[in-house]
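Asker: A single structure is presented below for examination.
The values are calculated or read from the model by the stated rules, or taken from the named source; none is laboratory data. Just so it is clear, the model here is predicted, and its values are computed rather than measured. With ideal geometry, Cβ positions are generated from the backbone for all residues, glycine too; neighbour counts draw on all protein chains shown. Note: areas computed on protein heavy atoms with side chains; ligands, DNA, RNA excluded. Shrake-Rupley method; radii C 1.70, N 1.55, O 1.52, S 1.80 Å.
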Amino acid sequence: MNINNEHLKELENEAIFVMREVAAQFERKVILFSGGKDSIVLVHLAKKAFWPARIPFSLLHIDTGHNFEETLEFRDNLASELGVELLVRYVQDSINKGRVTEEQGVNASRNKAQSVTLLDAIEELKIDVAIGGGRRDEEKARAKERFFSHRNEFGQWDPKNQRPELWNIFNGRKNMGEHFRVFPISNWTELDVWQYIMSESIILPSLYYTHKRKIFRRNDVFLAWAPFMKLKPTEEVFETAVRCRTIGDITCTGVTLSGAQTLEEIVSEIAATRVTERGGRYDDKRSEAAMEDRKREGYF
Amino acid sequence: MKINNNGSQKSLLRFTTAGSVDDGKSTLIGRLLYDSKSIFEDQMEHLEQSSRRLGKEETDLSLLTDGLRAEREQGITIDVAYRYFATPERKFIIADTPGHIQYTRNMVTGASTADLAVILIDARKGVLEQTIRHSFIASLLGIRHIVFCINKMDLVDFSEPVFKDIRNDLARVADKLEIEDPHYIPISAKKGDNVVEPSGNMEWYKGKTFLRFIETVEIKKSRNGVSPRFPVQTVIRPQSSEHHDYRGYAGRVAGGTFRPGDEIVVLPSMLRSSIKSINVYEKYVNEASSGDSVTITLGDQIEAGRGSLFVPPGNMPVNSHEINIMACWFNEIPLRPNGRYIVRNYSCEANCIIKSVNYKMDINTLEKDFTDSSLTMNDIAHITLTTSKPLFFDPYKENHITGSLILVDETTSETVAAGMIT
Ligand SMILES: Nc1nc2c(ncn2[C@@H]2O[C@H](COP(=O)(O)OP(=O)(O)O)[C@@H](O)[C@H]2O)c(=O)[nH]1
């Protein structure tokens, strides 16, 4: 595919504009880096926005401890290649300090606990803006999100009282203790992201391509198996060819049965798919307003 | 639906939808998403569950467009929601806005980035007060293409005379509002007539279906006029050994085209220079046009930074410390007469005082009220600002970027108003 795809070009122009507004309006700036494709695309856009200078953001990873090994390696390499500061804060530390209690049981996930670790990190590091890879097409609470999303001094989002955002004038003014979350790829869909990755030849962790992996089925979702995971008696681990459609905490990231080896194959697969990306995310299946509630509390 | 990933061009159209409660806006959007296969299986399953829980007989596609808990509970749309769908020709971004008068500010927000506005009318009711209000907002925000969808044609026996009467009424409104490019399509969002497929019930209608229309309508390449304008967002100074003296001005072209070698004037300093290079990342390009995010270097070492505007010497914007705007008030705290605010026009900031409220618009009747100078949430008025330093700007009609501004409250830091420079 060709780079001169008009709609991708416009989405890129918009995202770069937003990145530069962040650089100009804030002091202590981080990109929330999960090692997933959306955060990798953010880093790529930042590289393009500030060339030939180094990107003016640090990378912040909120580590649940439940990682795909490979993403950590990818993360470390990327940070050193860019010459930017890599900050890692651990959910395990928040648990040890009693800031949050670990969920128990088969569906236990550290996804929700991440918000506490993230907000603590924002306070500790005096971060006034955190750039995230959230997209409006992902989920209905996200469909309401602004590019520049204000957070009060408790780190909370008030979806009913958001700042109006007109044209491309982004107002990042805030009072002491407040911060902003900024979402430069708000208007991208999953397919746009993949087409962009293909057109820009962005390197991704190999987890996104087909590989053999031990998995099991829980309700309608295939989950990657890891030694610390608790299984229900009826669940059986087996090995097959899969790829990840999103990469996050291993306990709640669904995998897709797929033989796609190239970006072209992945793009075709995504274009034909009939299930949303988050349909494979166990954390969203909990309730109608699961995402809205987590976001109010300070989630990504 | 086939997605073209074979490298052919695919453009992007942003549109906004407005209609009063129950005109069928959600049904229309639901149908577009459904027929373009943009509703996924798990979302559909979810909709079916929610519909059942709410005691509905059929799956209610309108639930798809309500995002927040309060909206689902109260059955209303509070804030703008963005939706995405694509056909082989185009990618679409819908800013779905609430139509009620108490959410005028959200309509204004949704309309500010739109290339096209869709306004729904119930065929049984014809042109109502809110139709005029929605049309006014679309014209105020300078949206060129407006599509009036006369909906629920199935309830008026798909009658051509009914459609024609409403179309004639609408044409008068469009005329009065100087809407450049109005269109009229008879549809039934519920049954699907003229939405994606042509209607067998309305053979008298020879125009395009709604989808075909938005797929083919020409998107004006430069939304921002022909005068070259480049607002600087930030200065890039690598200070590395390789790029020791590099000083690049990062920004997004807000009008016209710039090329290496072009003579420019840097505002506000009025210093002249020429463009040495234009970069998109590592690539040196021959030109940058409206909408492009680029980095420009100049032939001279001169003072420029965030808030500077590059323009050609023969094509200067207006320079004044008195600015007239059509303002939409956004905040719960009303405008303070003679109050001080921060004004943001592209990347340029200044302090300002409200000098006068000249008249207020009754947006239902389009009457001007010269006696009332109070401005509360959702009000639209013509006001005059005095700024602490002269600003460089264009009329909104000529340029949506250099011609728009926001007012920010110094104490709360909130955006309290949006203004279109007249
Ligand atoms: N008969 C008929 N009913 C319609 C049509 N479009 C919408 N409706 C119905 O009108 C009601 C309001 O529609 P809805 O889409 O929720 O309106 P909204 O408030 O504008 O989003 C619902 O009961 C729809 O089924 C149409 O074209 N014909």
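Asker: Ignoring ligands, DNA and RNA, how do A:PHE50, A:PHE238 rank by accessible area with a 1.4 Å probe, largest first?
Answerer: The ordering from most to least exposed comes out as A:PHE238, A:PHE50.
Asker: Return the value, in Å² to the nearest 100, of accessible area buried between chains A and B (probe 1.4 Å, both sides summed).
Answerer: Rounded to the nearest hundred, the buried surface is 6600 Å².
Asker: Rounding to the nearest 10 and keeping the result within 0 to 90°, find how far the Cα-based axis of helix B:129-140 lies from the longest principal axis of chain B.
Answerer: It is inclined by approximately 30 degrees.
Asker: Quick check: net charge around A:ARG20, other residues with Cβ under 12 Å of its Cβ, Lys/Arg +1 and Asp/Glu -1?
Answerer: Taking every other residue near A:ARG20 into account, the sum is +2.
Asker: For B:TYR359, list long-range residues whose amide hydrogen, built 1.01 Å from N in the peptide plane, is under 5 Å from its own amide hydrogen.
Answerer: So B:TYR359 has HN proximity to B:HIS382.
Asker: Can you give the three extents of the C-alpha atoms in chain B along their principal axes, from longest to shortest, in whole Å?
Answerer: 70, 60, 42
Asker: Sticking with this structure for a sec: Before I look further, what does region B:11-216 give for accessible area per residue, probe 1.4 Å, in whole square angstrom?
Answerer: 40 Å²
Asker: Okay, next question. Note down the accessible area of B:VAL108, probe 1.4 Å, to the nearest 10 Å².
Answerer: 0 Å²
Asker: Mind grabbing the accessible area of A:ASP76 for me, 1.4 Å probe, Å², rounded to tens?
Answerer: 70 Å²
Asker: So which of B:LYS208/B:LYS360; A:LYS112/A:LYS230; A:LYS48/A:LYS97 end up more than 28 Å apart, counting from Cα to Cα?
Answerer: B:LYS208/B:LYS360; A:LYS48/A:LYS97
Asker: Across every pair of different alpha-carbon atoms, what Kirkwood hydrodynamic radius in Å does region B:230-311 reach?
Answerer: 12.5 Å
Asker: Oh, and also: Along the Cα-to-C-beta direction of B:ARG124, a point sits 7 Å from the Cα; which residues of region B:164-206 have their amide N less than 19 Å from that point?
Answerer: Once the point is set 7 Å along Cα→Cβ of B:ARG124, B:164-167, B:186-193 turn out to lie under 19 Å by backbone N, inside region B:164-206.
Asker: How much net charge surrounds B:SER388 when only other residues with a Cβ under 14 Å from its Cβ are counted (Lys, Arg +1; Asp, Glu -1)?
Answerer: Summing Lys/Arg as +1 and Asp/Glu as -1 gives +1.
Asker: While we're looking at this one, here's another question. Between B:VAL21 and B:THR412, what is 0.36 nm times their sequence separation minus the Cα-Cα distance? Round to one decimal in nm.
Answerer: Between B:VAL21 and B:THR412, full extension yields 137.5 nm more.
Asker: Taking the Cα centre as origin and putting +1 on Lys and Arg beta-carbons and -1 on Asp and Glu beta-carbons, what dipole magnitude results for region B:318-421, to the nearest 20 debye?
Answerer: 280 debye
Asker: If you don't mind, another one. Using a 1.4 Å probe and counting only protein heavy atoms, arrange B:ILE333, B:ILE323 so the residue with the most accessible area comes first.
Answerer: Final ranking, largest accessible area leading: B:ILE333, B:ILE323.
Asker: Next question, about the same structure. Which FRET efficiency value, to the nearest 0.05, is calculated for B:GLN49 and B:GLU197 with the Förster distance at 25 angstrom and r the Cβ-Cβ distance?
Answerer: It comes out at approximately 0.30.
Asker: Ok, one more. So which residues of region B:236-251 lose at least 50 Å² of accessible area, probe 1.4 Å, when you go from the chain by itself to every protein chain present?
Answerer: Residues of region B:236-251 that lose at least 50 Å² of accessible area once the other chains are added: B:ILE236.
Asker: So which of B:LYS125/B:LYS368; A:LYS9/A:LYS37; A:LYS9/A:LYS47; B:LYS37/B:LYS125 end up more than 23 Å apart, counting from Cα to Cα?
Answerer: In this structure, B:LYS125/B:LYS368; B:LYS37/B:LYS125 exceed 23 Å between Cα atoms.
Asker: Probe radius 1.4 Å, ligands and nucleic acids ignored: give me the carbon and sulfur share of the accessible area of region B:11-216 as a rounded percent.
Answerer: C and S fraction of accessible area: 45 percent.
Asker: Using 0.36 nm per residue of separation minus the Cα-Cα distance, give me the extension gain between B:ASN338 and B:LYS208 in nm, one decimal.
Answerer: 41.7 nm
Asker: Here's another thing I want to ask about it. Nearest 0.05, what FRET efficiency do A:ILE202 and B:THR386 give at R0 = 45 Å with Cβ-Cβ as r?
Answerer: Efficiency computed from Cβ-Cβ geometry: 0.35.
Asker: I want to check the label-to-label distance for B:SER289 and B:ASN351. Put each point 7 Å from Cα in the C-beta direction and report it in nm to one decimal.
Answerer: It works out to 4.3 nm between the two label points.
Asker: Compare B:THR376, A:THR253 by solvent-accessible area with a 1.4 Å probe and give them largest first, with all protein chains kept in place.
Answerer: Ranked from most to least accessible, the order is B:THR376, A:THR253.
Asker: Quantify, in whole percent, the carbon and sulfur part of the accessible surface of region B:374-422 (1.4 Å probe; protein heavy atoms only).
Answerer: The nonpolar share, carbon plus sulfur, comes to 56 percent.
Asker: Taking a temperature of 20 °C and a viscosity of 1.002 mPa s, what whole-number D in µm²/s does Stokes-Einstein yield for the protein assembly as shown with Rh from Kirkwood over alpha carbon pairs?
Answerer: For these conditions, the coefficient is 80 µm²/s.
Asker: Which of B:LEU116, B:LEU128, B:LEU405 moves most in a GNM of chain B, Cα contacts under 10 Å?
Answerer: B:LEU128
Asker: Using Cα pairs under 8 angstrom and six or more residues apart, how large is the relative contact order of chain A, in percent?
Answerer: The value is 20 percent.
Asker: Using helices alone, I'd like the mean residue ellipticity at 222 nm for the protein assembly as shown: each DSSP H run of four-plus residues gives -39500 (n - 2.57), total over residue count, nearest 500.
Answerer: Helices in the protein assembly as shown give a 222 nm mean residue ellipticity of -7000 deg cm²/dmol.
Asker: Which of A:ALA271, A:ALA260, A:ALA15 moves the most in a Gaussian network model of chain A with Cα springs under 10 Å?
Answerer: For chain A, modelled as a Gaussian network with Cα springs under 10 Å, the answer is A:ALA271.
Asker: Give me the one-decimal nm value for the distance between modelled label points at B:SER374 and B:ASP175, 7 Å along each residue's Cα-to-Cβ direction.
Answerer: 3.7 nm
Asker: Mind listing the phi-derived Karplus ³J(HN,Hα) values for region A:25-30, rounded to whole Hz, using 6.51, -1.76 and 1.60 with θ = phi - 60°, and x for any glycine or proline?
Answerer: 9, 10, 9, 9, 10, 10
Asker: Between the helical axis of B:41-53 and the dominant principal axis of chain B, each derived from Cα atoms, what acute angle in degrees is found, rounded to the nearest 10?
Answerer: Compared with the principal axis, the helix lies near 60 degrees.
Asker: Roughly how many nanometres apart are two label points built 7 Å out from the Cα toward the Cβ at B:GLU57 and A:ALA241?
Answerer: With each label point 7 Å from Cα toward Cβ, the separation is 4.9 nm.
Asker: Amide H to amide H under 5 Å from B:ASP262: which residues, 5+ apart in sequence or cross-chain, H placed 1.01 Å off N in plane?
Answerer: Those lying under 5 Å, H to H, from B:ASP262 are B:ILE275.
Asker: Select from B:GLU410, B:GLU215, B:GLU242 the residue whose mean-square fluctuation is largest in a Gaussian network model of chain B (Cα-Cα springs shorter than 10 Å).
Answerer: Largest GNM mean-square fluctuation: B:GLU242.
Asker: Roughly how much of B:TYR281 is accessible, in Å² to the nearest 10, using a 1.4 Å probe?
Answerer: Approximately 60 Å² for this residue.
Asker: Same structure again: Let's test the formula: R0 of 41 Å, r as the Cβ-Cβ distance of B:LEU366 and B:GLU263. What FRET efficiency results, to the nearest 0.05?
Answerer: Efficiency computed from Cβ-Cβ geometry: 0.40.
Asker: A further question follows. For chain A, what are Rg and Dmax over the alpha carbons, in angstrom?
Answerer: Spelled out, the Cα radius of gyration and Dmax of chain A are 18.7, 56 Å.
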